[in-house]
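K.L.:
Here's a structure for you.
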């Protein structure tokens, strides 16, 4: 829920009293109703798009409009608390901007700020997306505590990356308060190292690389918006056939999130034969939660250092796979899909890689040896898959709610093949369903052929083979319809 706290900012030492009022809001997007700032419009109504400079950098109390008859100043009446450092920085650096706003009874409500690259004034230190990146990050954050307070997008900061020391420094000035306290302190220390000439070039390079990785992640809080159970059920029915007990467990998890607005204390461990849709269930949950997802294949991990990263004392040091996953996701709230948890190797004498996961699963924070900082993990929802839960250690098992995934019955396999697997392949190949027809006896023969194998992967491969053969006969032999009966199927799948 939005938080509104109207109060006057206290006078700062040796400075005149500011004119504006702080508005504490947690709105995730700016609008006329929830503006970034409000300017005085009693003297005149300002244009929808207005250009100028924030002035009086010592007090940050006004905006100087570029008008046809010269510059005209208007007092700032209100500012969203999250944007106070940014407006101060824009004013102190004389950054020319274009405001988008609307005149209201309260004043000129500004809901968008863009940089003007031409004209008098300083260009932003980073590339053109920097200001939009900062604004998006601020809108995604919650209002700072009072005691810590010191429309149509034509451009976005989605592809903007903080890489240079100047852009990193500007980000810390403008949006540093959007970071968790531990990361903010860590970032300032590493920025000092990256700028220092009393350390080696290698140390400065590692510090800058770590800063770029961590600051390009959107560090969100652990509050989760309510999820529509009906929509969740629709997604599950779209992705999975049957599995009513599994779907109920997932819906129970959704209802729990809606009540507490936090993730459950335990992740999900999906146990079942290969090919039964365990990974598909995990992807469906990520889609329901509207979170990015990343995968970790434990069967390929043979050294804990692959997960935790290597120390910066080594020239070829680098972050671990877990930290790389956060970086690729671009935010701290994500679904972590851990495949083949039961195949985690014991490594090469350096410990068991699976044990490294315990800190990630406890949601207490994860430390990467390269980053050298406790990474918050309260927004991580782990979903693990395994074929044999007896191969998983008791400490790891205790971190999950276990869901057993049974194999499909022959009747279920027939329905999955005819209603889901084959139509999906035909659509991808540009074939109509009437161009590739499978008779009932062929369907029975197909399921019988793979009765000894678990899951539906063999059926999916058969669907690929049949659709490709049908396409070949239509294009080469100029058939209008290809019918697969049991004999044709047997000849094809020899």
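The values are calculated or read from the model by the stated rules, or taken from the named source; none is laboratory data. In this text the structure is predicted, and so the values were computed from the model without any measurement. Positions of Cβ are generated from backbone atoms using ideal geometry, with glycine treated the same way; all protein chains shown enter the neighbour counts.
K.L.:
Could you please give the count of residues in segment 82-139 that are modelled with pLDDT of 85 or more and in a loop (DSSP other than H, G, I, E, B)?
P.N.:
Looking only at that region, the number is 4.
K.L.:
How many of the residues making up segment 464-486 are in contact with a strand residue (DSSP E or B) (Cβ under 8 Å, 6 or more places away or on another chain) and part of a loop (DSSP other than H, G, I, E, B)?
P.N.:
The total comes to 1.
K.L.:
Could you check how many residues of segment 290-323 are closer than 22 Å to residue 178 by Cβ and assigned to a helix (DSSP H, G or I)?
P.N.:
Here the count works out to 1.
K.L.:
Taking segment 195-208 only, how many residues are part of a helix (DSSP H, G or I) and out of contact with any helix residue (DSSP H, G or I) (no Cβ under 9 Å at 6 or more places or on another chain)?
P.N.:
Qualifying residue count for the region: 2.
K.L.:
Still on this structure, I have one more. Could you list all residues from segment 254-268 that are out of contact with any helix residue (DSSP H, G or I) (no Cβ under 7 Å at 6 or more places or on another chain) and either over 21 Å from residue 227 (Cα atoms) or assigned to a helix (DSSP H, G or I) (or both)?
P.N.:
256, 257, 258, 259, 260
Quick grid of which residues meet (1) surrounded by fewer than 20 Cβ atoms within 10 Å (Cβ to Cβ); (2) closer than 19 Å to residue 108 by Cα; (3) modelled with pLDDT of 85 or more:
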site	(1), (2), (3)
14	yes, no, no
29	yes, yes, yes
45	yes, yes, yes
54	no, yes, yes
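K.L.:
Counting only residues that are buried (at least 18 other Cβ atoms within 10 Å of the Cβ) and under 22 Å from the mean Cα position of the chain (by Cα), how many does segment 236-256 have?
P.N.:
Number of matching residues: 5.
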